[in-house]
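The values are calculated or read from the model by the stated rules, or taken from the named source; none is laboratory data. Owing to the predicted nature of the structure, the values given are computational and were not obtained by experimental measurement. Neighbour counts run over all protein chains shown; Cβ positions are idealised from the backbone, glycine included. Note: areas computed on protein heavy atoms with side chains; ligands, DNA, RNA excluded. Shrake-Rupley method; radii C 1.70, N 1.55, O 1.52, S 1.80 Å.
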Amino acid sequence: MKIYNTLTKRKEEFVPLEEGKVKMYVCGPTVYNFIHIGNARPMIVFDTVRRYFEYKGYDVNYVSNFTDVDDKIIKQAIEEGVSADEISKRYIAECKKDMEGMNVKPATKHPLATEEICGMLEMIQDLIEKGYAYEKNGTVYFRTRKFKEYGKLSHKNLDDLQSGGRSLLVTGEDEKEDPLDFVLWKPKKEGEPAWESPWSDGRPGWHIECSVMSKKYLGEQIDIHAGGEDLVFPHHENEIAQSEAANGKEFAKYWMHNAFLNIDNRKMSKSLGNFFTVREISDTYDLQVLRFFMLSAHYRSPLNFSAALMESSKTGLERIRTAASYLKRLEENATQEKMTQQDKETFEKTETYVTGFEEAMEDDFNTADAIASVFELVKFVNTTVEEESSKELLHQLFDRLATLMDILGLFVEKEAELLSTDIEQLIEERQTARKEKNFARADAIRDELLAKGIILEDTREGVTWKKA
RNA sequence: GGCGCCAUAGCCAAGUGGUAAGGCAAAGGUCUGCAACACCUCCAUCACCAGUUCAAAUCUGGUUGGCGCCUCCA
């Protein structure tokens with residue numbers, strides 16, 4: 001399996017630290033509002049990475065945090081006149097609902113920054129003792145130049161950073177020894193949440209949180225650290241500096257970064273205000289469609305979001321699901337139980353689509369290519385399977401399709417839903433009308449159901465329905 | 001100013017040296033009471049210029065256009 005590593009700027013063969021196990025950490029959102037669909041990209045992408053590892057038999061320890069102490073949370077709390085804690089708790093709960101809708105598996109552990117302060121104090125103290133950090137008026141800074149490899153992830157050199165067009169010196173930070181130094185601990189301002197520390201009552205800097213939570217739940221060394229590409233610098237660069245300075249060993253072996261989700265070719269972000277929340281999208285679309293859309297491009301390519309593209313994704317996903325329900329229907333009506341010799345040969349032919357799918361995923365999780373294999377399998381099913389096919393074959397084909405889709409976190413079957421009895425009666429009445437060639441009545445009933453969001457389709461095997 | 005990415009059909013998108021996957025849309029057709037589904041047919045020489053090579057969308061140089069990071073940010 002090959003993974004593109006931001007650290008080395010090339011695809012590398014994945015070799016786990018420990019045989020059969022994967023330890024991965026994915027930087028999670030800051031919870032001060034509903035998550036937007038840009039936040040959803042890494043969730044979906046890295047959940048898919050996880051699912052593929054699990055499909056390959058790896059035991060994946062997947063940790064993803066919630067940043068629940070931050071300027072923006074405090075700002076939101078002040079605006080609403082409630083506590084910061086209330087804001088973060090609320091949006092963590094909402095985020096989890098969205099994740100469920102997108103079929104993103106819960107992490108093995110979702111640590112909260114506010115519950116890990118103790119570990120942060122320890123690591124900061126450790127860094128001070130090792131000479132990598134210093135305290136000034138209650139603020140603790142990381143001594144960036146002391147960490148010789150600083151810049152190795154983002155491939156920047158310190159002098160470029162300093163002589164750049166922008167000043168890294170921000171107001172009130174002229175007490176730093178060096179403009180490149182960043183904050184590990186900062187004293188509280190009036191009304192802000194704070195914790196006691198040897199340096200001041202205050203709160204941790206953003207970067208130290210991930211270093212500490214990763215170490216606590218995954219150990220000093222992990223296989224994969226992932227997040228959005230904007231986190232490469234400074235967040236991940238700083239994490240490396242902190243963790244490697246404190247632990248004295250390589251922090252993460254593989255660094256994965258997803259590209260952005262754009263709107264009109266512009267980065268979507270809360271600060272630019274050009275974003276859609278996942279919740280908004282879920283009003284119009286099944287979030288499975290959003291997931292399918294996200295996986296239709298490679299995770300390292302920028303992806304534009306639009307209603308037209310969502311429609312296209314919806315239709316495409318529907319095509320796959322139609323094939324699946326076709327198999328199910330035939331299976332229910334099949335008379336032949338066991339596979340015939342010909343069935344066996346048919347089934348063997350689908351091996352190539354599984355291989356194609358796996359090869360795509362092995363190549364740095366090329367989900368776009370993997371989906372192409374799924375479509376090829378769908379085409380094969382639609383052109384090969386027939387009423388005479390055996391139950392066993394139909395079942396196996398369904399299973400094969402569902403398995404591939406499950407790796408992508410996509411369902412192939414609609415949830416088991418029951419129609420209310422009056423709707424079922426309408427469908428029966430329509431069938432009677434059709435037999436009597438009373439098509440006007442039949443069409444009227446179909447329209448009536450359509451208005452209720454139910455689409456009827458007449459097939460050789462009878463009437464099927466789906467939600468609009 | 002520094003660092004970096006991208007440019008494939010109407011749209012989306014794979015493909016990193018051997019002659020363009022897949023999906024959506026459109027068009028024509030088969031099936032069907034109609035519709036839908038499904039199936040068949042049709043749909044590109046890869047931004048531009050120059051070069052390397054027997055061979056380039058794929059490598060090199062340049063041009064144009066778009067974007068990202070360097071500041072909270074997925």
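In summary, the lysines within cross-link reach of A:LYS189, defined as a Cα separation below 30 angstrom excluding same-chain residues under 8 places away, comprise A:LYS72, A:LYS75, A:LYS89, A:LYS130, A:LYS136, A:LYS146, A:LYS176, A:LYS215, A:LYS216, A:LYS270.
Percent antiparallel among DSSP beta bridges with both residues in the stretch A:1-156, to the nearest 5? Just about 50 percent of them are antiparallel.
In a DSSP loop and with at most 16 other Cβ atoms within 10 Å, there are no GluC sites (Glu not before Pro) in the stretch A:78-123.
In this simple spin-label model, placing a label point 7 Å from the Cα along the Cα-to-Cβ direction at both A:LYS379 and A:LEU17 gives a separation of 4.4 nm. Stokes-Einstein D for the stretch A:267-322 at 10 °C, 1.306 mPa s, Kirkwood Rh over Cα pairs, in µm²/s? Stokes-Einstein gives a translational diffusion coefficient of 131 µm²/s.
Applying both filters, DSSP loop and at most 11 other Cβ atoms within 10 Å, to the GluC sites (Glu not before Pro) of the stretch A:436-468 gives A:GLU436. For chain A, what is the charge dipole size about the Cα centre, in debye to the nearest 20, if Lys and Arg each add +1 at the Cβ and Asp and Glu each add -1 at the Cβ? Using only the charged Cβ atoms, the result is roughly 660 debye.
In whole angstrom, the stretch A:232-328 maps to an equivalent ellipsoid with semi-axes of 35, 19, 11, each derived as √(5λ) from the alpha carbon gyration tensor and ordered largest first.
Between A:PHE276 and A:ILE37, A:GLY38, the built amide H atoms are under 5 Å apart, and every one of these is 5 or more places off in sequence or on another chain.
In chain A, the ratio of gyration radius to Kirkwood radius, Rg to Rh, stands at 1.06 when only Cα atoms are counted.
Sorting A:LYS344, A:LYS97 by accessible area puts them as A:LYS97, A:LYS344; the probe is 1.4 Å, largest comes first, and only protein heavy atoms count.
For A:ASP68, the residues 5 or more places off, or on other chains, whose built amide H falls under 5 Å of its own are A:ALA113, A:THR114. The candidates A:THR346, A:THR421, A:THR340, arranged from most to least accessible area with a 1.4 Å probe in the full protein assembly, appear as A:THR421, A:THR340, A:THR346.
Give the relative contact order (percent, whole number) for chain A; include only Cα pairs under 8 Å separated by 6+ residues.
Over chain A, the number comes to 16 percent.
For chain A, the mean residue ellipticity at 222 nm estimated from helices alone is -15000 deg cm²/dmol, where every DSSP H run of n ≥ 4 contributes -39500 (n - 2.57) and the total is divided by all residues, rounded to the nearest 500. Within the shell defined by Cβ-Cβ distances under 10 Å, the residues around A:ILE128 carry a net charge of -1, with Lys and Arg each +1 and Asp and Glu each -1.
Probing with 1.4 Å while keeping every protein chain in the model, the per residue accessible area of the stretch A:202-306 equals 33 Å². Neighbours of A:ASP363, meaning other residues whose beta-carbon lies under 9 angstrom from its beta-carbon, give a summed charge of -2 when Lys and Arg score +1 and Asp and Glu score -1. Computed from the C-beta positions of A:GLU122 and A:GLU54 and an R0 of 41 Å, the FRET efficiency is 0.80 to the nearest 0.05. Between the C-alpha center of the stretch A:206-270 and that of the stretch A:57-116 there is a gap of 17 Å.
With K and R counted +1 and D and E -1, the other residues having a Cβ less than 12 Å from that of A:LEU287 yield a net charge of -1. Dipole magnitude for the stretch A:375-468: about 280 debye, using +1 per Lys or Arg Cβ and -1 per Asp or Glu Cβ, origin at the Cα centre.
Taking all protein chains as they are arranged and a probe of 1.4 Å, the heavy atoms of A:ILE78 leave approximately 130 Å² accessible to solvent. Close amide H contacts of A:HIS298 (hydrogens built in the peptide plane, cut-off under 5 Å, sequence separation of 5 or more or a different chain): A:ALA368. Computed extension gain for A:ASP264 through A:LYS466, at 0.36 nm per residue and net of the alpha carbon distance, reaches 69.5 nm.
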